[in-house]
Amino acid sequence: MGVPMSVDVRHDGDDGLVRDTVRAAFDTMHDADRRFSRFRPDSELSRFDRGESGEPSDDLREVLGIAARFAAASGGAFSVRRPDGSLDTDGVVKGWAAQRAADTLIAAGLTTFCLNAGGDVVVRGEPEPGRGWHVGVRDPADPQAFLTVLEVRDGAVATSGTYERGEHVWDGRTGAAATGLLAVTVVAVELTTADVLATCVLALGPDGIAWAAEHGAAAVLAVGADGEILTELQAAPA
């Protein structure tokens with residue numbers, strides 16, 4: 001998916017189990033990239049968009065269903081159709097695939113880990129007794145600085161912003177680039193929701209902050225185009 005991915009697992013037991021499970025989690029991400037990349041002409045997504053694959057697979061149907069729900073909830077601001085009409089599910093698939101990778105770890109009995117997929121994070125348990133995982137939220141104006149550091153135990157954190165990739169998120173209602181916010185960080189119970197909500201808020205602009213809190217966000221931190229922090233973090237998953 002063109003993003004760095006890492007997993008920190010704390011587990012007293014079979015090291016072979018941990019290695020095999022982490023490998024399986026990485027395979028989940030690689031499989032999602034092969035199937036849903038808009039840059040691969042042979043991917044399922046590309047073939048479906050060209051009308052060459054017939055009915056979508058269950059996974060593609062699930063991804064498109066998530067996109068449709070958030071498109072409706074956001075009044076069309078969130079869209080997986082680019083302004084040129086092509087299908088782009090990146091706003092769903094990254095968080096969806098990373099959450100599936102985390103679910104692979106959980107299914108194998110791993111209860112304490114931090115999975116980081118390009119800055120979007122799923123955590124479980126405590127790395128040390130009495131302390132949650134520390135997740136830094138980068139300052140859009142300074143790659144070496146943090147706006148805040150969150151302490152999260154069982155939850156997910158996702159950030160969408162323009163400070164690295166430029167204006168790559170568009171408002172589906174107008175087709176214009178979303179420029180009202182520099183960055184949005186969302187904390188939620190699981191990463192699919194956190195990731196999609198972060199993109200939704202970036203598309204909606206400042207009005208999306210309160211909206212996200214009504215659609216599954218446990219906390220939202222947004223940075224305005226002028227660098228102003230527009231909201232304070234509320235209670236994150238503990």
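Taking Cβ atoms as reference points and 15 Å as the exclusive limit, the residues near SER37 contribute a net charge of 0, counting Lys and Arg as +1 and Asp and Glu as -1.
Charge tally for ASP20 (other residues, Cβ to Cβ under 13 Å; Lys, Arg +1; Asp, Glu -1): -1. The mean of 1/r over all pairs of different alpha-carbon atoms in the range 5-224, once inverted, gives a Kirkwood hydrodynamic radius of 18.0 Å. With a Förster radius of 25 Å applied to the C-beta separation of ASP14 and ARG34, the computed FRET efficiency comes to 0.30.
Think of it as helices only: each DSSP H run of n ≥ 4 in the chain is worth -39500 (n - 2.57), and spread over all residues that comes to -11000 deg cm²/dmol at 222 nm. Screening the chain for whole DSSP H helices of 30 Å or more along their axis (Cα) with average Kyte-Doolittle hydropathy at least -1.0 returns 15-36. Near LEU147: Cβ cut-off under 9 Å, other residues only, Lys/Arg at +1 and Asp/Glu at -1. The net charge is 0.
Our estimate of slack between GLU228 and GLN144, defined as 0.36 nm per intervening residue step minus the Cα-Cα distance, is 28.4 nm.
No lab work stands behind these numbers, since they all come straight from the coordinates. Since the structure is predicted, the reported quantities are computational estimates derived from the model, not experimental observations. Here the Cβ is made from the backbone with ideal geometry for all residues, glycine too, and neighbour counts use every protein chain on show.
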